[in-house]
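*Asks:* Handing you a structure now.
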Amino acid sequence: MGDTRIDGTTPRTTDYDDCDEKTLVCGGGTPKEKLVSSEAEEWHAPELPPQKPAEIATVAKNMSTAPPVEGAPDDSEAWRDHTFHHAGTAADKSPGVEAEAAFRKNDDYSLFDVSAKASLGHTGIQGSVGHAHLTHDFGPVDVAVNGDVGSAGFDEGSHNADESWGVHAGGGAVAYGVDATAHLKGVGSVTVGASAGVAVEASIGLKHDGKGPELCGRIGLTVFTFGACIPLHRM
């Protein structure tokens with residue numbers, strides 16, 4: 001077999017009879033090709049030109065937007081394997097304990113959520129098939145919407161649904177329900193809601209909206225809920 005370089009090519013050679021082995025000159029003194037040793041030449045990786053930050057950013061962007069690898073897990077399905085559970089001190093930091101378990105729970109929604117609480121803020125048992133919480137700003141007006149499917153339970157304590165602190169009590173069972181709150185800082189807020197089921201609730205308390213204290217009240221009877229928070233300086 002002939003000599004082969006590391007890069008896979010065959011070195012070019014010339015006629016040994018027509019060349020001087022000491023001077024490596026061939027053809028009667030006219031410089032031709034140098035004889036190539038049968039030993040493989042040492043190979044060096046070519047030097048790459050330095051990349052500019054903009055080029056590196058472009059490469060990173062292309063990698064982040066590349067299509068997913070076939071067979072890789074889909075993040076959109078990861079929630080199916082996620083469960084939530086909590087047991088310990090009350091989440092609202094009031095004195096007491098609570099325990100909660102859910103198939104899925106985050107700040108925006110929950111699925112199959114069951115909780116039991118015994119604290120200054122909340123004491124009772126709650127359960128729901130599904131709950132969703134959405135917020136959006138329309139200029140200076142903040143809007144929050146809550147929706148429930150298949151909820152039941154009772155609750156009493158000092159931390160109210162409108163985030164005020166005072167006193168509340170209520171309970172019932174609802175097939176589905178929704179309520180919406182519109183809040184304008186310094187002016188107050190209004191809450192309206194409707195549901196299909198049997199439920200009763202009432203609360204009153206105080207909270208601070210960033211410009212001063214507000215007096216809040218809320219009442220729900222069977223299918224209708226109404227609430228409001230009014231700054232004390234406007235009363």
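*Asks:* So which residues in the stretch 157-182 are of a type in the set (Ser, Thr, Tyr) and without any contact (Cβ under 8 Å) to a residue 60 or more places away in the chain, if there are any at all?
*Replies:* The initial filter retains those residues of the stretch 157-182 that are of a type in the set (Ser, Thr, Tyr), namely 158, 164, 176, 181.
Of everything in the stretch 157-182, those that are of a type in the set (Ser, Thr, Tyr) and without any contact (Cβ under 8 Å) to a residue 60 or more places away in the chain turn out to be 176, 181.
*Asks:* Could you please let me know if residue 161 is hydrophobic (A, V, I, L, M, F, W, C), under 24 Å from residue 100 (Cα atoms) and at pLDDT 95 or above?
*Replies:* No.
*Asks:* Just one of 201, 156 is part of a strand (DSSP E or B), within 17 Å of residue 93 (Cα to Cα) and more than 29 Å from the chain's Cα centre (by Cα); which is it?
*Replies:* Exactly one residue qualifies, and that residue is 156.
*Asks:* Please give the number of the condition residue 150 fails out of (1) modelled with pLDDT under 95; (2) surrounded by 15 or more Cβ atoms within 10 Å (Cβ to Cβ).
*Replies:* For residue 150, the failing item is (1).
*Asks:* Go over the candidates 90, 132, 101 one by one and state the one that is closer than 23 Å to residue 166 by Cα and at pLDDT 65 or above.
*Replies:* One residue alone meets the criteria, 90.
*Asks:* Taking the residues in the stretch 88-125 that are among the hydroxyl-bearing types (Ser, Thr, Tyr) and either over 15 Å from residue 152 (Cα atoms) or touching an Asp or Glu at 6+ places or on another chain (Cβ under 6 Å) (or both) as candidates, determine which candidate is surrounded by the most Cβ atoms within 10 Å (Cβ to Cβ).
*Replies:* Taking the stretch 88-125 as the starting set, the residues that turn out to be among the hydroxyl-bearing types (Ser, Thr, Tyr) are 89, 94, 109-110, 115, 119, 123.
When the remaining residues are screened for being either over 15 Å from residue 152 (Cα atoms) or touching an Asp or Glu at 6+ places or on another chain (Cβ under 6 Å) (or both), the result is 89, 94, 109, 115, 119, 123.
Working: 89: 13, 94: 17, 109: 14, 115: 21, 119: 19, 123: 17.
Looking at the filtered set, the residue picked out is 115.
*Asks:* Also, I was wondering about something else. Would a scan of the stretch 216-231 turn up a residue that is closer than 19 Å to residue 92 by Cα, surrounded by 14 or more Cβ atoms within 10 Å (Cβ to Cβ) and more than 26 Å from the chain's Cα centre (by Cα)? Talk me through it step by step, then tell me what you get.
*Replies:* Narrowing the stretch 216-231 to residues closer than 19 Å to residue 92 by Cα: 216.
This time we only want the ones that are surrounded by 14 or more Cβ atoms within 10 Å (Cβ to Cβ), so: 216.
Right, trim to more than 26 Å from the chain's Cα centre (by Cα) and you get 216.
So far as the stretch 216-231 goes, yes, one or more of its residues are closer than 19 Å to residue 92 by Cα, surrounded by 14 or more Cβ atoms within 10 Å (Cβ to Cβ) and more than 26 Å from the chain's Cα centre (by Cα).
*Asks:* Six or more apart or on different chains, Cβ under 7 Å: which pairs go from a residue in the stretch 217-235 that's farther than 20 Å from residue 154 by Cβ to one that's at pLDDT below 90 and among the small types (Gly, Ala, Ser)? Could you list them?
*Replies:* Note: pairs meeting the criteria are 231/186; 231/212; 232/212; 233/212.
The values are calculated or read from the model by the stated rules, or taken from the named source; none is laboratory data. Keep in mind it's a predicted model, so treat the numbers as computed, not measured. Counting neighbours? That spans all protein chains shown, and the Cβs are built from the backbone with ideal geometry, glycine included.
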